[in-house]
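The next block holds one structure in the form of structure tokens; read it before the comments.
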Ligand code: GTB
């Protein structure tokens, strides 16, 4: 059965692949699972039809027959569990890859997201100039730790996994910030993820939505 995901009809990132449908698209491309996309306006996110699928009125969602999921991490995990290619077969390696999925979403993404939100909604507040360096320091602490662990390795734990997929999408939020660029191994890690053919296809498809061009037929 072909799954359907939801994405922004008009992403505020202008097709830079920063919205969280990108990680789901990428996972589906990695495992070779075709999918359909239902595009939603901001108003439609908060309408009852969508709220039945997503209690918080957000994208992405994932529908496959009777199954409806929300939360990009849970969706990527579901895809990785049902298809080969995103989680190792060995039980220990699989548990470690899942650990990296949680680390990406629970430990690395929060300080990055907090910085982004502050830059969007607090820019005109009197505390902004004082608060931003504090938030950026928290990001640097996490990146330093992650950089130390990655070292010269290509991926976080052996072969590319769903943990890397999520971590790369989380770190991409910092491209151009001048922060990520201080960690050359992390910049190279992100570039390695972006160079994967599955990533390229997913990126082109979400960009085609923004450009109003039809997605490639495969
Ligand atoms: N924890 C949830 C998950 O991982 O699925 C969070 C989902 C989420 O934040 N969805 C956002 C959304 O639907 C889109 S991705 N927001 C609308 C709303 O809450 O009303 C977040 C996002 C949005 C835009 C950019 N951008 O333009 O750069 C980047 C990321």
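Worth a mention:
- Residues that are at pLDDT 95 or above and over 19 Å from residue 105 (Cβ atoms) within the range 145-176 comprise 148, 151, 152, 153, 154, 158, 159, listed in sequence order.
- Test result for residue 43, more than 21 Å from residue 169 (Cβ to Cβ) and modelled with pLDDT of 95 or more: yes
- You will find that of 140, 131, 192, the residue that is in contact (Cβ under 8 Å) with a residue 12 or more places away in the chain, over 28 Å from residue 32 (Cβ atoms) and out of contact with any helix residue (DSSP H, G or I) (no Cβ under 7 Å at 6 or more places or on another chain) is 140 and no other.
- The single condition from (1) farther than 17 Å from residue 109 by Cβ; (2) surrounded by fewer than 17 Cβ atoms within 10 Å (Cβ to Cβ); (3) free of Cβ contacts under 8 Å to residues at least 40 places away in the same chain that residue 56 fails is (1).
- Some residue of the range 46-55 being within 20 Å of residue 1 (Cβ to Cβ), more than 10 Å from the ligand (Cβ to nearest atom) and out of contact with any helix residue (DSSP H, G or I) (no Cβ under 8 Å at 6 or more places or on another chain): yes
Results for (1) in a helix (DSSP H, G or I); (2) within 13 Å of the ligand (Cβ to nearest atom); (3) farther than 30 Å from residue 147 by Cα, shown as yes or no for each residue.
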position: 7; (1), (2), (3): no, yes, yes
position: 18; (1), (2), (3): no, yes, no
position: 27; (1), (2), (3): yes, yes, no
position: 44; (1), (2), (3): yes, yes, yes
position: 74; (1), (2), (3): yes, yes, no
position: 95; (1), (2), (3): yes, no, no
position: 101; (1), (2), (3): yes, yes, no
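The values are calculated or read from the model by the stated rules, or taken from the named source; none is laboratory data. Treat the numbers as computed from the prediction; the structure is a model and nothing was measured. Quick reminder, even Gly has a Cβ in these numbers, built from the backbone with ideal geometry, and neighbours come from all protein chains shown.
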